[in-house]
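A.B. asks: Encoded as structure tokens, here's the structure I'll be asking about.
The values are calculated or read from the model by the stated rules, or taken from the named source; none is laboratory data. Treat the numbers as computed from the prediction; the structure is a model and nothing was measured. Cβ coordinates were reconstructed from backbone atoms using ideal geometry, including for glycine residues, and neighbour counts include every protein chain displayed. Ligands, DNA and RNA are excluded from the accessible area calculation, which covers all protein heavy atoms including side chains. Shrake-Rupley method; radii C 1.70, N 1.55, O 1.52, S 1.80 Å.
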Amino acid sequence: MKASEIKEMSVDEMNQKLVSLKEELFALRFQLAVNQLDNTAKVKAVKKDIARVKTCLREAELAKSAK
């Protein structure tokens with residue numbers, strides 16, 4: 001997921017995406033723990049997506065408070 005895609009979302013959509021990404025990360029970590037995860041790079045990609053969403057949420061919060 002690209003940052004430009006995230007910035008086009010509303011704050012509610014970003015929050016929903018954040019929740020779904022955290023659930024996905026939890027599932028991936030569980031699969032990794034029981035050695036069922038084939039693509040271990042997926043964990044890193046999901047973490048980066050979570051960081052991107054959090055960054056965009058923070059930017060939106062700062063923009064709102066600056067007005």
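A.B. asks: Which residues, taken from the stretch 1-32, are among the acidic types (Asp, Glu), open to solvent by 80 Å² or more (accessible area, probe 1.4 Å) and part of a helix (DSSP H, G or I)?
C.D. replies: Glu5, Asp12, Glu13, Glu23
A.B. asks: Please verify whether Lys47 is in contact (Cβ under 8 Å) with a residue 24 or more places away in the chain and under 9 Å from the mean Cα position of the chain (by Cα), treating the condition exactly as stated.
C.D. replies: When the stated conditions are applied, Lys47 does not pass them.
A.B. asks: Out of the residues in the stretch 33-67 that are of a type in the set (A, V, I, L, M) and not in a helix (DSSP H, G or I), which is surrounded by the fewest Cβ atoms within 10 Å (Cβ to Cβ)?
C.D. replies: Within the stretch 33-67, the match that is surrounded by the fewest Cβ atoms within 10 Å (Cβ to Cβ) is Val34.
A.B. asks: Among the candidates Glu24, Glu61, Glu8, single out the residue that is under 13 Å from the mean Cα position of the chain (by Cα) and acidic (Asp, Glu).
C.D. replies: Glu24
A.B. asks: Which pairs turn up if I take residues in the stretch 9-24 that are in contact (Cβ under 8 Å) with a residue 12 or more places away in the chain and look for partners that are open to solvent by less than 60 Å² (accessible area, probe 1.4 Å) and among the aliphatic types (A, V, I, L, M) with beta carbon separation below 6 Å, at least 6 apart in sequence or on another chain?
C.D. replies: Val11/Ala60; Met14/Val53; Met14/Leu57; Lys17/Val53; Leu18/Val53; Leu21/Val46; Leu21/Ile50; Glu24/Val46
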